[in-house]
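The values are calculated or read from the model by the stated rules, or taken from the named source; none is laboratory data. In this text the structure is predicted, and so the values were computed from the model without any measurement. A quick note on method: Cβ atoms are made from the backbone with ideal geometry, for glycine too, and the neighbour counts reach across all protein chains shown. Accessible surface is based on the protein model in full, side chains and every heavy atom, while ligands, DNA and RNA are left aside. Shrake-Rupley method; radii C 1.70, N 1.55, O 1.52, S 1.80 Å.
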Amino acid sequence: MTQKKLDGLKFTWWAPSNIALVKYWGKKVGHQLPANPSVSLTLSTAKTRVSLSVVKSVETTEDTPWIDLYFAGQQMPSFIPKIEKFFKYASGELPFLNDYKFLLKTENTFPHSAGIASSASSMAALALNLIELEQVEKGVEYSKEEFLKRASFIARMGSGSACRSLYPFAASWGESDNFGSDLWAEPVDCHPIFKSMYDSIVVVNSAEKKVSSRAGHGLMDEHFYGKARYHHALTNWNYSIGWLKEGAWDNLGNLVEEEALSLHAMMMTSRPGYLLMEPQTITAIQLVREYRYRTGVPIYFTLDAGPNLHLLYPQDVRAEVQKFLEDLKKDLGANVTIIDDKIGTGPYKEDGL
Ligand code: DP6
């Protein structure tokens, strides 16, 4: 049997998580495409390392599985079905996936159970590795821009929000009248204030979500407020793109809070409805707002599909916010932890390989 082109190759990429300012919630029915455009900030500390090795061509071995996966040094068969589903989907674009067997080694900088979604960072890092393989397979070298766009296109197939994790600082995903594509995300112009912004993630509960994002998106298909929500999100997206460029943080911060609550309102009013916020989430929201109104410190919250808060604030108020966070932790109780993150420069390939 002749050796195949990719046998023995190994690549390693790191990709960060991202936090949406305008939320992706709801898909074009039956497709892995967003019902509205979304925009996010790229994080820095919360990231995933994925190394992908091509073990052997399928023809040369019978008994090894298609995909073998280690997470933090432990074999993790429970993670494999999601990756297999992704590889099957992506093989429409990357047919070589069917011709090889793969070994994936992955780890996060944050605890797996920290309540921070790792699907965005892990799918983004995995997609970058796949595009490395594609270059070898096709004998091409993409420009940096093309490479990231192609990785974003593939990452979307694994998890929609992952396609925004490919770019420094800020990214937008989804079609609007005058910008963007549903197929991949693109970088967005942003003012220097956002490039040095902090995100303190208040983890009130690190347990696995009661309802997966995938199921939540599905409930939007028949949602009574679905159309109104998509219109609202598109309007908010348009404002956000302008305010990101201008550095209008107070305007954007208020919109970001509205988006977070709108996302959770959709969950609460789905059929069946569900509630992911916890009592400490509400307490934290009230304390953040009360602090902002009292001091004028521009700290704003957002939420993903879970109970934990992302507190966003500019670098110049870092010292006072640190004091506020210490008090907040005391008010919320002993089980609350805060992960210190900031806006970052996007994914990178590990050196020395
Ligand atoms: C609330 O990207 O996790 O974080 O495409 O089904 O994998 P799938 O969904 P996913 O949804 C993320 C939803 C969100 C908002 C956002 O990141 O825009």
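For first residues located in region 193-208 and aromatic (Phe, Trp, Tyr) and buried (at least 19 other Cβ atoms within 10 Å of the Cβ), partners that are modelled with pLDDT of 95 or more and assigned to a loop (DSSP other than H, G, I, E, B) and lie 6+ apart or on another chain with Cβ distances below 8 Å form the pairs PHE194/PHE169; PHE194/GLY247; TYR198/PRO314. Of all residues in region 213-230, one or more are among the aliphatic types (A, V, I, L, M), open to solvent by less than 60 Å² (accessible area, probe 1.4 Å), under 29 Å from THR337 (Cα atoms) and more than 16 Å from the chain's Cα centre (by Cα). Of all residues in region 279-305, none satisfies the criterion of being farther than 29 Å from PRO192 by Cα and at pLDDT below 95. Checking each residue in region 113-135 for being touching a Phe, Trp or Tyr at 6+ places or on another chain (Cβ under 9 Å), hydrophobic (A, V, I, L, M, F, W, C) and assigned to a helix (DSSP H, G or I) picks out MET123, ALA124, ALA125, LEU126, ALA127, LEU128, LEU130, ILE131, LEU133.
Within region 254-285, the only residue that satisfies the criterion of being open to solvent by less than 20 Å² (accessible area, probe 1.4 Å), away from the ligand (no atom under 13 Å from the Cβ) and in contact with a Pro (Cβ under 6 Å, 6 or more places away or on another chain) is THR281.
Matching residues to (1) among the hydroxyl-bearing types (Ser, Thr, Tyr); (2) part of a loop (DSSP other than H, G, I, E, B):
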position	(1), (2)
SER172	yes, no
SER176	yes, yes
SER181	yes, yes
ASP189	no, yes
ASN205	no, yes
PHE224	no, yes
HIS231	no, no
LYS245	no, no
LEU252	no, no
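Please go through region 1-46 and give me each residue that is of a type outside the set (Lys, Arg), within 9 Å of the ligand (Cβ to nearest atom) and part of a loop (DSSP other than H, G, I, E, B), ordered by number. Within region 1-46, TYR24, TRP25, GLN32 meet the criteria.
Residue count for region 1-34 under the criterion of being touching a Gly at 6+ places or on another chain (Cβ under 6 Å) and open to solvent by 10 Å² or more (accessible area, probe 1.4 Å): the result is 1.
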